[in-house]
Amino acid sequence: MTSPSQPQHLFADVLSRVHAVCAALGSEGVLPAGIDLTRVVVEPPRDATHGDMATNAAMVLAKDAKAKPRELADKIAEKLRADPIVESVDVAGPGFINLTLKTTAWFGALRTVLEQGSGYGRSAIGAAEKVNVEYVSANPTGPMHVGHCRGAVFGDALASLLSFAGYDVAKEYYINDAGAQVDVLARSAFLRYREALGEAIGDIPEGLYPGDYLVPVGKALAAEHGDKLLKQSEAEWLPLVRAKAIAMMMDMIKGDLAALNIRHDVFFSERSLNENGNDRVGATIAGLRAKGDVYEGRLPPPKGAPVEDYEDREQTLFRATAFGDDVDRPLKKSDGSYTYFASDIAYHKTKVDRGFLNMVDVWGADHGGYIKRVQAAIKAVTGGKAALDVKIVQLVKLLRNGEPVKMSKRSGDFVTLREVVDEVGSDAVRFMMLFRKNDAVLDFDLAKVIEQSKDNAVFYVQYGHARGHSIFKNARETVPSLPEDASSRVAFLRGAKIDRLSDPVELSLIRQIALYPRIVEAAALAHEPHRIAFYLYDLASEFHALWTKGRDLPYLRFIIQNDAEITIARLALVQGVVSVLASGLAVLGVHAPDEMR
């Protein structure tokens with residue numbers, strides 16, 4: 001079999017070879033000509049003893065081929081056995097095909113890392129498709145807290161991952177600057193304004209925001225307006241104070257996010273949906289009504305709700321049940337104003353109008369019940385052309401040595417994001433917020449995330465990168481020609497005799513390096529950046545384990561004093577590890593230090 005043109009990485013290479021086999025079977029009449037191969041995948045087997053890779057080709061093509069999966073698998077396996085990079089092929093169960101590759105294939109994978117450098121793992125599966133990732137979107141009523149922190153890190157890492165996988169990503173923040181909560185903010189700021197003018201305000205009244213973070217807002221209002229606002233009615237001063245408070249809160253929020261190296265591309269104002277005579281919410285409702293998706297009607301009382309909590313009235317309803325939701329949803333309140341849901345429909349329609357048919361929203365744990373209605377609305381607005389994936393980020397329990405952390409004086413009732421970042425650093429926050437699946441509750445221990453131990457994942461991964469650079473430094477005694485400059489070093493190591501790497505633990509580490517591009521693509525398709533964090537920890541663990549074995553078994557050390565050739569080959573392996581660790585950490589927004597202090 002002739003080898004196909006060199007794909008980006010080994011898993012893609014093997015997939016192209018499986019496709020070529022299927023095409024050959026198509027020309028022989030075993031498979032229908034032009035059969036859809038998009039469902040065929042090549043991935044690591046669940047059980048490592050089954051081989052290096054597995055494909056589902058026979059399982060997903062058997063129906064179209066009108067064949068039994070096992071019989072089709074045998075025919076695919078027969079042709080794969082003739083491939084020059086395949087050592088053996090086994091058919092398991094109802095038709096899974098397990099492949100073991102020749103050692104030379106893995107040597108080629110390591111050479112690919114050295115050739116592609118920082119581009120290794122980067123994918124084109126996104127095909128420049130536009131994706132809108134909306135995350136944080138916290139009410140602009142105070143500083144970011146540790147709960148916001150997790151959603152911020154998750155959304156930012158997901159956006160970075162999607163960009164790395166070839167998507168055209170826009171990072172968006174939806175400013176909830178309309179509604180009752182920002183009026184409460186304005187009244188709270190007005191109290192601090194009176195305080196700035198010398199008035200003793202006493203205890204903050206119940207229902208207003210008590211945090212000291214509004215003191216600067218009060219002082220800014222006093223500097224700008226003097227005592228003029230005191231002479232105005234609330235209807236007059238409220239819009240002025242609200243606008244100033246929101247602007248200063250957003251500046252503070254942007255500063256908090258910048259401490260985590262998070263910067264959004266778009267800040268979209270909820271208030272802009274319905275101001276200056278531009279009623280985009282009403283226009284969206286009218287468009288849905290014209291299609292028959294909005295009507296006037298009554299809703300049955302909620303199950304289990306007391307009668308006095310239910311208002312039986314005719315109201316404007318979105319026919320959400322026609323698009324997969326459980327009940328139809330109100331679009332207007334009894335006073336005629338729009339519901340929050342109506343504004344949300346109009347807001348998401350603006351994303352579609354801006355060219356985003358692929359959208360990801362990152363929401364907090366208390367918004368799970370809201371997902372189906374928004375997804376239903378997007379189906380209705382776009383005729384099913386757009387897709388919304390909502391990722392729920394669960395709660396963070398902030399601890400110190402296992403004990404709950406007390407609330408912040410600055411905020412009044414929570415621990416701020418900035419306090420956490422200032423204490424443990426951006427790297428620890430970002431990595432550890434991702435070192436657990438987003439929909440699982442996270443225990444974040446301020447003491448443990450700065451420990452220098454294997455139990456601290458961020459330290460262990462960063463130490464792996466630093467250890468690699470330490471090996472390069474120490475190797476120059478044996479290999480004086482090893483360049484110090486990173487790009488020159490990589491170019492030098494491309495000439496390494498990689499086939500000298502024959503020990504099983506070395507080959508196992510190469511296999512782990514070769515897995516990286518497949519992990520990137522799978523994580524991007526699933527919208528799960530935690531997969532990158534898990535993978536980096538596994539790679540670092542295997543690297544550290546090999547280093548430790550070298551202490552007990554001198555022949556496995558990376559630097560062999562009287563054998564420059566094997567040393568250079570092993571330095572090429574170290575370079576593979578270092579390159580992938582740096583790449584993965586960059587995707588997560590975490591630094592890859594050359595040395596640990």
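The values are calculated or read from the model by the stated rules, or taken from the named source; none is laboratory data. The shown structure was predicted, so the numbers you read here are calculated from the model rather than taken from an experiment. Because the Cβ atoms are built from the backbone with ideal geometry, glycine has one as well, and the counts that use them run over all protein chains shown.
Condition (residue is at pLDDT 95 or above, in a strand (DSSP E or B) and assigned by TED's automatic domain parsing to the domain that holds A20) applied to segment 67-87: is it met by at least one residue? Scanning segment 67-87, I find at least one residue that is at pLDDT 95 or above, in a strand (DSSP E or B) and assigned by TED's automatic domain parsing to the domain that holds A20, so the answer is yes. Considering only segment 561-597, how many residues are farther than 25 Å from G151 by Cα and assigned to a helix (DSSP H, G or I)? Of the residues in segment 561-597, 17 are farther than 25 Å from G151 by Cα and assigned to a helix (DSSP H, G or I). Check segment 210-228 and report whether any residue there is within 30 Å of Q8 (Cα to Cα), assigned to a loop (DSSP other than H, G, I, E, B) and in contact (Cβ under 8 Å) with a residue 60 or more places away in the chain. Checked against the condition, which is being within 30 Å of Q8 (Cα to Cα), assigned to a loop (DSSP other than H, G, I, E, B) and in contact (Cβ under 8 Å) with a residue 60 or more places away in the chain, segment 210-228 yields no hits at all. For the residues L240, L221, the requirement of being touching a helix residue (DSSP H, G or I) at 6+ places or on another chain (Cβ under 6 Å) and buried (at least 16 other Cβ atoms within 10 Å of the Cβ) singles out L221. Restricting attention to segment 219-232, does a residue exist that is modelled with pLDDT of 95 or more and touching an Asp or Glu at 6+ places or on another chain (Cβ under 7 Å)? Scanning segment 219-232, I find no residue that is modelled with pLDDT of 95 or more and touching an Asp or Glu at 6+ places or on another chain (Cβ under 7 Å), so the answer is no. Those helices (runs of 4 or more DSSP H) of segment 446-545 in which at least 3 residues are within 30 Å of V362 (Cα to Cα), considering only elements entirely within it, cover 457-475, 504-526.
Applying the criterion of being part of a loop (DSSP other than H, G, I, E, B) and under 26 Å from the mean Cα position of the chain (by Cα) to the residues of segment 5-22, the residue that is nearest to Y516 (Cα to Cα) is H9.
Checking each residue in segment 121-146 for being small (G, A, S) and over 30 Å from G179 (Cβ atoms) picks out G121, S123, A124, G126, A127, A128. Of a type in the set (A, V, I, L, M, F, W, C), surrounded by fewer than 24 Cβ atoms within 10 Å (Cβ to Cβ) and farther than 30 Å from S488 by Cβ - does that describe any residue in segment 115-125? For segment 115-125, residues of a type in the set (A, V, I, L, M, F, W, C), surrounded by fewer than 24 Cβ atoms within 10 Å (Cβ to Cβ) and farther than 30 Å from S488 by Cβ: present. Output yes when any residue across segment 162-171 is surrounded by fewer than 24 Cβ atoms within 10 Å (Cβ to Cβ) and either among the aromatic types (F, W, Y) or in the same structural domain as E528 (by TED's automatic domain parsing) (or both), and no when none is. Yes. For segment 88-107, the tally of residues that are in a helix (DSSP H, G or I) and of a type in the set (F, W, Y) stands at 2.
Checking A491, A514 one by one, the residue that is farther than 23 Å from T100 by Cβ, modelled with pLDDT of 95 or more and of a type in the set (G, A, S) is A491 and no other.
Residues that are of a type in the set (V, I, T) and surrounded by fewer than 22 Cβ atoms within 10 Å (Cβ to Cβ) were ranked within segment 90-113; the one that is farthest from K79 (Cα to Cα) is T112. Evaluated against (1) more than 33 Å from the chain's Cα centre (by Cα); (2) among the aliphatic types (A, V, I, L, M); (3) modelled with pLDDT of 95 or more; (4) not in a helix (DSSP H, G or I), L25 falls short on exactly one condition, (4). Residue check: Y338 meets all listed conditions (1) without any contact (Cβ under 8 Å) to a residue 24 or more places away in the chain; (2) over 22 Å from H527 (Cβ atoms) but one, namely (1).
Residues in segment 144-187 that are without any contact (Cβ under 8 Å) to a residue 40 or more places away in the chain and not β-branched (V, I, T): 3 in all.
Listed by first and then second residue, the pairs linking a residue in segment 33-50 that is in the same structural domain as V18 (by TED's automatic domain parsing) and in contact (Cβ under 8 Å) with a residue 60 or more places away in the chain to a residue that is charged (D, E, K, R) and part of a loop (DSSP other than H, G, I, E, B), with Cβ atoms under 9 Å apart and 6 or more places separating them unless they lie on different chains, are P44/D52.
Here V405, V396, V390, V415 are screened, and the one residue that is among the aliphatic types (A, V, I, L, M) and modelled with pLDDT of 95 or more is V390. Of all residues in segment 354-398, exactly one satisfies the criterion of being more than 18 Å from the chain's Cα centre (by Cα), crowded, with 16+ Cβ neighbours inside 10 Å and in a strand (DSSP E or B), namely L398. Of all residues in segment 251-274, those that are touching a residue at least 40 places away in the same chain (Cβ under 8 Å) have Cβ atoms under 7 Å from Cβ atoms of residues that are assigned to a helix (DSSP H, G or I) and β-branched (V, I, T), 6 or more apart or on another chain, in A259/V421; L260/V153; L260/V421; L260/V429; L273/V281; N274/V281.
Scanning segment 308-326 finds one or more residues that are part of a loop (DSSP other than H, G, I, E, B) and in contact (Cβ under 8 Å) with a residue 60 or more places away in the chain.
For segment 55-74, a residue qualifies if it is surrounded by fewer than 20 Cβ atoms within 10 Å (Cβ to Cβ), aliphatic (A, V, I, L, M) and either in contact (Cβ under 8 Å) with a residue 40 or more places away in the chain or closer than 30 Å to L507 by Cβ (or both), and exactly one does: M59. With respect to (1) in a loop (DSSP other than H, G, I, E, B); (2) more than 19 Å from I175 (Cα to Cα), the lone exception for I285 is condition (1). Considering each of I560, I519 in turn, give the residue that is closer than 30 Å to S453 by Cβ and surrounded by fewer than 20 Cβ atoms within 10 Å (Cβ to Cβ). Answer to the check: I560.
Only residues that are among the polar types (S, T, N, Q) and modelled with pLDDT of 95 or more were counted across segment 117-140, and they come to 2. On the basis of being farther than 30 Å from G589 by Cβ and modelled with pLDDT under 95, does A180 make the cut? Yes, satisfied.
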